[in-house]
Structures are given as structure tokens and as C-alpha cells.
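Here is the structure we will look at.
The values are calculated or read from the model by the stated rules, or taken from the named source; none is laboratory data. Keep in mind it's a predicted model, so treat the numbers as computed, not measured. Here the Cβ positions follow ideal geometry from the backbone for every residue, glycine too, while neighbour counts run over all protein chains shown. Ligands, DNA and RNA are excluded from the accessible area calculation, which covers all protein heavy atoms including side chains. Shrake-Rupley method; radii C 1.70, N 1.55, O 1.52, S 1.80 Å.
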Amino acid sequence: MAPFGFATAGAIRFGRGTVAEAAPFALARAERVLVVRSASVAAADTLVRSLGQGAEVLEIVARGEPDLPGLTRDCDAARPFAPELVVAIGGGAVIDHGKALAALLPAPHGALRHLEVVGEGKPLDAPPLPVVALPTTAGTGSEVTRNAVIQVPEAARKVSLRDPRLYPALAIVDPDLLASCPRPVLLASGLDAVTQVIEPFVCTRANPVTDALCREAIPRVLSALKRLMAGEGGEEDMALTSLVGGIALANAGLGAVHGFAGVIGGLTGAAHGAICGTLLPAVLRVNRERVRPGSPARARLDWVIGQIAEVHGDLGGFEAWARDLGLRRLSDLGLRAEDHARVAADARGSSSYAANPAELHDEDLREILARS
């Protein structure tokens, strides 16, 4: 057994009604609280009122995915306030926005010193502010990861700001918060959740702890997402799977789907979950074709594809189901055929791709893009 480590948020609270625990936790630790929030989440209004009963509060409304210019502006706006703690409530992009501000506000140097790929990728020079994270979608698992994904427009890339101290102090996962989530976002974030328990399970850095989490979560999420999109419940299972996926990817790794996703998202601006969902079937097929028959990697891929078949008949059935619900092909998301070679090369160089279960050649990567 290869050595492995395990880390996650300082504390995790899961269950309906746990959103009420956020304000007491924050007020016991800070007198000045920065709230990074989605504009459309009603629970954020209630939370801000509760925080205002014992602390000074500065609100920042996060719209869209965090980008470097926007983070720079928000740092300039929040630094005079001198927050002692950050509360982030919203989808994964909002939580990443909050984590990035928590990292950059105390930092004596600019963001590019710490960004991967387009920057120096150095650890933070100062400890980040503590973060309380409350997801209102079920997909990214950002509430239990140590990175924040940031778009860098001038490089047309999405990259990570990563540091082991960026794990939130408290992650509150309340399935009731999914009630405000629009249907297209439910599908995209749900497909992200599916991908984020599959890739850590089949990747080269899987370990016994992440295996235990993912093996239980994969059949759970496939069934739950189908029920959720049919209006038959599934919120608790989806929220739990998203949480598990975040823990698993932070402690194992990902693969080609996420290697592609950061590149394609930066190039097209398409939603991360939609990119992951449309890539997943082709990545599974090509990985299965390239790993050695009879190998442990092949057994894992076969098991995953079998679990998908239990719910959707086969990978083709999964694709057809998602397309019927509105999932679009990469070409419809803005990726041009003439960009495939560049995207394949950039994906290979991403940190997410490094743990892919098969060593894929450029023609394999281009084939995946063409199939998706």
C-alpha cells in the first residue's frame, strides 16, 4: 500500500437546518465579517442579518466565476474594512471567490505569485483568513477543498490558487439551500458531482479512504441525479455526494475530464459542470481502451461504467439522457474544431490531468474532444 495523507475542512456540518449554525460560529471568532454571496440566495439575506447582530458586516456580491481583475477590485474594496473572517454562501464559484479573497487579502504580494500555470504557483506568504463555506448547489465540493479556481482572461485559462491552509474552517452543507437552484444549474452542478466521485476513484492516486467514499457515492449520485431532474427528490443524496467528491479530489486526484475543463472553460466561458458532463462518457471510453486489460485500472473503469449502465442502460444512454435535459456538445458551448490541438496540449499540462488512469497521446485527447 502506497503512503497517503488525508485532510479536509476544519469541521463539517451536514443536514437540513444546519445553515443556522453559521452565524454563531462566525460571531464567536470575529467582529468584522466579509460575506461573499450570490445575489439570488434568500438564505444569504437571513445570514447577513444574523451576523449583523454581533459584528460589522461587509457584503460582496459575486456574479459569475471569479476572475483576476474582479478579485483585484474586491481586494481593494475589502482591505480597508480589515475583515477577520470570510463567510461564503452560494455556488462553487461564489465559494471559490470567497476563498480567493481570504487568501489574497492578507497576502503581501499579488495573485500571480500564487497562481498555478500562469503564475509562480508559490504557497501563500501569509495565513489566509478563516472561511465559513455554505454551498447552495451540489457539484463542486469547494467547501472542502484547498484551492480556488480563478479565471485569468488575458491567458484564456482557469487556474488554481492552492494552499493547504485554504481548507475552510467550517463547511456547512444544508440540502435545504438547494431549493433556490435553477434547473439548468442543478443539471450542470450534478454532472460535476458525478465526475468528481468517478475521477478520484479511477485515478492513479486513489487511496483506501477515498476509495471507500467514492465506491459508495458513485451509485448514490447516479440514481439521485436522475431522481432530482425528474422532480422526485434526491437533494440530500446530491448534497452529500458533492461533499464527498470535494473530499476525494482534494485527497486523491482527478483526471482528463478536469484537465480539459479548466482549459475549455477559460477559452469559452462555458459552465464547468456542463463541460465535465459532456466530456465524461468519451473520457471513460478512451481511458478504458488505453489501459491494460486485466489491470486494476481496467477493473475500476469497468465497474464505473457498469454502475452507469445500471441507471442509464449504458454510456450512450447516459449521454442521451443528459442531452434530452439540455446538455450541449462542446461545439455548442463555443469550442471550435480548430482549437482542439491547442486544448489537448494545454490539458496535458494541467495539474488535474496528472493523475489520469491512462497515458493518453495527443490523438487520444483530440479524439475525446471530437466525440464530445
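State yes or no: is Ala252 open to solvent by 10 Å² or more (accessible area, probe 1.4 Å) and not basic (Lys, Arg)?
It is true that Ala252 is open to solvent by 10 Å² or more (accessible area, probe 1.4 Å) and not basic (Lys, Arg).
Tell me which of these Phe81 doesn't satisfy, since it passes every other one: (1) under 20 Å from Pro182 (Cβ atoms); (2) over 24 Å from the mean Cα position of the chain (by Cα).
The number of the failed condition is (1).
Which pairs do you get when a residue that is on the phi > 0 side of the Ramachandran plot, found in the range 74-92, comes within reach of a residue that is assigned to a strand (DSSP E or B), reach meaning Cβ atoms under 9 angstrom, with the pair 6+ apart or on two chains?
Going by the 9 Å Cβ cut-off, the qualifying pairs are Ala82/Arg32; Gly90/Val36; Gly90/Arg37; Gly90/Leu134; Gly90/Pro135.
Under the condition of being more than 18 Å from the chain's Cα centre (by Cα) and over 17 Å from Gly306 (Cβ atoms), which residue from the range 213-231 is surrounded by the fewest Cβ atoms within 10 Å (Cβ to Cβ)?
Gly231
Just checking, how many residues over the range 189-228 are in contact with a Pro (Cβ under 8 Å, 6 or more places away or on another chain) and hydroxyl-bearing (Ser, Thr, Tyr)?
Residues that pass the stated criteria total 2.
Within the range 232-249, restricting attention to residues that are in contact with a Lys or Arg (Cβ under 7 Å, 6 or more places away or on another chain) and crowded, with 24+ Cβ neighbours inside 10 Å, which residue is modelled with the highest pLDDT?
Per the stated criteria, the residue is Thr241.
Whether any residue in the range 265-278 is without any contact (Cβ under 8 Å) to a residue 60 or more places away in the chain, part of a helix (DSSP H, G or I) and not acidic (Asp, Glu) is what I want to check.
yes
Taking the range 338-358 as the search range and keeping residues that are among the acidic types (Asp, Glu) and out of contact with any Gly (no Cβ under 9 Å at 6 or more places or on another chain), which one is least open to solvent (accessible area, probe 1.4 Å)?
Asp339
Determine whether the range 200-212 contains at least one residue that is open to solvent by 20 Å² or more (accessible area, probe 1.4 Å) and within 17 Å of the chain's Cα centre (by Cα).
No, the range 200-212 contains no residue that is open to solvent by 20 Å² or more (accessible area, probe 1.4 Å) and within 17 Å of the chain's Cα centre (by Cα).
Of all residues in the range 11-39 being in a loop (DSSP other than H, G, I, E, B) and surrounded by 14 or more Cβ atoms within 10 Å (Cβ to Cβ), which is modelled with the lowest pLDDT?
Once the filter is applied, the top-ranked residue is Ser38.
Restricting attention to the range 181-204, does a residue exist that is part of a strand (DSSP E or B) and modelled with pLDDT of 95 or more?
No, the range 181-204 contains no residue that is part of a strand (DSSP E or B) and modelled with pLDDT of 95 or more.
Restricting the search to the range 317-337, which residues are part of a helix (DSSP H, G or I) and open to solvent by 30 Å² or more (accessible area, probe 1.4 Å)?
Listed by number, the residues that qualify are Glu319, Ala320, Trp321, Arg323, Asp324, Ala337.
May I ask you to list the residues in the range 84-112 that are under 23 Å from Lys158 (Cβ atoms) and more than 18 Å from the chain's Cα centre (by Cα)?
Scanning the range 84-112 gives Val86, Leu104, Leu105, Ala107, His109, Gly110, Ala111, Leu112.
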